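Here's the structure, in structure tokens; my notes come after.
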Amino acid sequence: MEAPPDNDVLWARALHFQHHDGSPALQGVSLGVREGEILAVSGPRGSGKTTLLRCLSGLVKPQDGEVWFNSVPVHTMGPLSRERLRRDRFGWIDPAPALVPELNAWENAALPLMLRGIGRRRAKTAALEWLDRLDVGGGARRRPHELQQAERQRVCIARALAVAPAVLFADEPTAPLHHADRAQVLRTLTTAARSHGITVLLATHDAQTAALADRSVALLDGRRVRTVHLPPLAETTVATGAAGSPGTEGRAACSLSA
């Protein structure tokens, strides 16, 4: 086993993962993420973004390859150790809001803190602070069914940030939000991450969302890719095509990363 670089809080090498039906989800993906970095994992739906985040966070074990967190091999951990790691060091935001229906908004946001043994009063204070920052503090005492879907997603984001995780995995975190709300919520998320030194892995198929990250990697069919935008064809070729067929105004090629 090769130890990861010292400056990478997360490091993965040659990850392979197959779905239950045998179709490949990841095919040899390698990457490193520096501490405090916001990394966007971009690509179309079905490209392997969610599977990559699940492998890196220990939710699932890759069939082959290595995952390291702070020089600790996550891929060799048992289920209980991975669960403890996710509880104590990681945060997760799903594309669709998932809240405990019997708890109100602040209780949902405070739940991970209380599971860590933090007292109810202190956990409530932290939860309310994040709910206010995400403009949903007015619904702190409402239960999930009394909130709109966008409000429920804000509660989920507050829950993930309230624990000040070392690494936050955000899988299309603004998918349920209206377009006008996405920029504000993403600014809150990224600003909070930078001010608290939180490393963020942000899975998205949206170029504007990816642009808010410090760096991005692209996936296609479970592989890291490098997209090369080619210049427009010559004017005569555009008009007729290479062999008399209709032309196009520009081209793009996609090549596998090394």
Requested in this report: Specify whether the C-alpha gyration tensor of the stretch 132-235 places it in the rounded, prolate or oblate class, a ≥ b ≥ c being the square roots of the eigenvalues: rounded for a/c under 1.5, otherwise prolate if a/b is larger than b/c and oblate if not.
Outcome: prolate
Query - Cα gyration tensor shape for the stretch 1-97, rounded if a/c is under 1.5, else prolate or oblate - result: rounded
Query raised in the report: Which of the following values of volume of the Cα convex hull per residue in Å³ was calculated from the structure shown: (1) 118; (2) 169; (3) 109?
Result: (2)
Requested in this report: Starting at the first residue of the stretch 7-18, write each ³J(HN,Hα) from the Karplus equation 6.51 cos²θ - 1.76 cosθ + 1.60 with θ = phi - 60°, in whole Hz, x for Gly and Pro.
Outcome: 8, 9, 6, 10, 8, 9, 9, 6, 6, 10, 8, 10
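Show me 208-220, 39-51 ranked by packing, highest mean number of other Cβ atoms within 10 Å first.
Details: 208-220: 17.8, 39-51: 20.8.
Peptide ranking by packing, descending: 39-51, 208-220.
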Query - Rounded accessible area of E37 (nearest 10 Å², 1.4 Å probe) - result: 10
Query raised in the report: To the nearest 20 debye, what charge dipole does the stretch 1-95 have about its Cα centre, counting +1 at the Cβ of each Lys and Arg and -1 at the Cβ of each Asp and Glu?
Result: 280
**Report entry** Nonlocal amide H pairs with L168, under 5 Å, H built at 1.01 Å
**Finding:** G91, T199, V200, L201
Report task. Please check which bits of the stretch 77-111 a label hung off Q149 would reach, taking the label as a point 7 Å along Cα-to-C-beta and the cut-off as backbone N under 17 Å. Result -> 94-99
Requested in this report: Just the number, please: percent antiparallel of the DSSP beta bridges in the chain, rounded to the nearest 5.
Outcome: 55
Requested in this report: Would you check the accessible area of H179, probe 1.4 Å, heavy atoms only, in square angstrom rounded to 10?
Outcome: 130
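Remind me, relative contact order of the stretch 67-141 in percent, using alpha carbon pairs under 8 angstrom and six or more residues apart? Don't skip to the answer; put the middle values down first.
Details: 40 pairs, mean separation 17.4, N = 75.
It rounds to 23 percent for the stretch 67-141.
Given the -39500 (n - 2.57) contribution per DSSP H run of 4+ residues, what per-residue ellipticity at 222 nm results for the chain, rounded to the nearest 500 deg cm²/dmol? Mind showing how you got there, number by number?
Numbers: 8 runs with 86 residues, N = 258.
My calculation for the chain gives -10000 deg cm²/dmol from helical runs alone.
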Report summary line: Checked the stretch 123-186 with the C-alpha gyration tensor, a ≥ b ≥ c its square-rooted eigenvalues, rounded below a/c of 1.5, otherwise prolate if a/b is larger than b/c and oblate if not; verdict oblate
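Kindly state, to the nearest 0.05, the FRET efficiency for R120 paired with Q18, given R0 = 45 Å and r defined as their beta-carbon distance.
On the way: r = 44 Å, r/R0 = 0.97.
So the FRET efficiency works out to roughly 0.55.
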Query raised in the report: Rounded to a whole number, what % of the accessible area of the chain do carbon and sulfur atoms account for, probe 1.4 Å?
Result: 50
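The values are calculated or read from the model by the stated rules, or taken from the named source; none is laboratory data. Computed from a predicted model, the values in this text were never measured in an experiment. Please note: Cβ atoms are built from the backbone with ideal geometry, for glycine as well, and neighbour counts cover all protein chains shown. We work out accessible area using only protein heavy atoms, side chains counted, and drop any ligands, DNA or RNA first. Shrake-Rupley method; radii C 1.70, N 1.55, O 1.52, S 1.80 Å.
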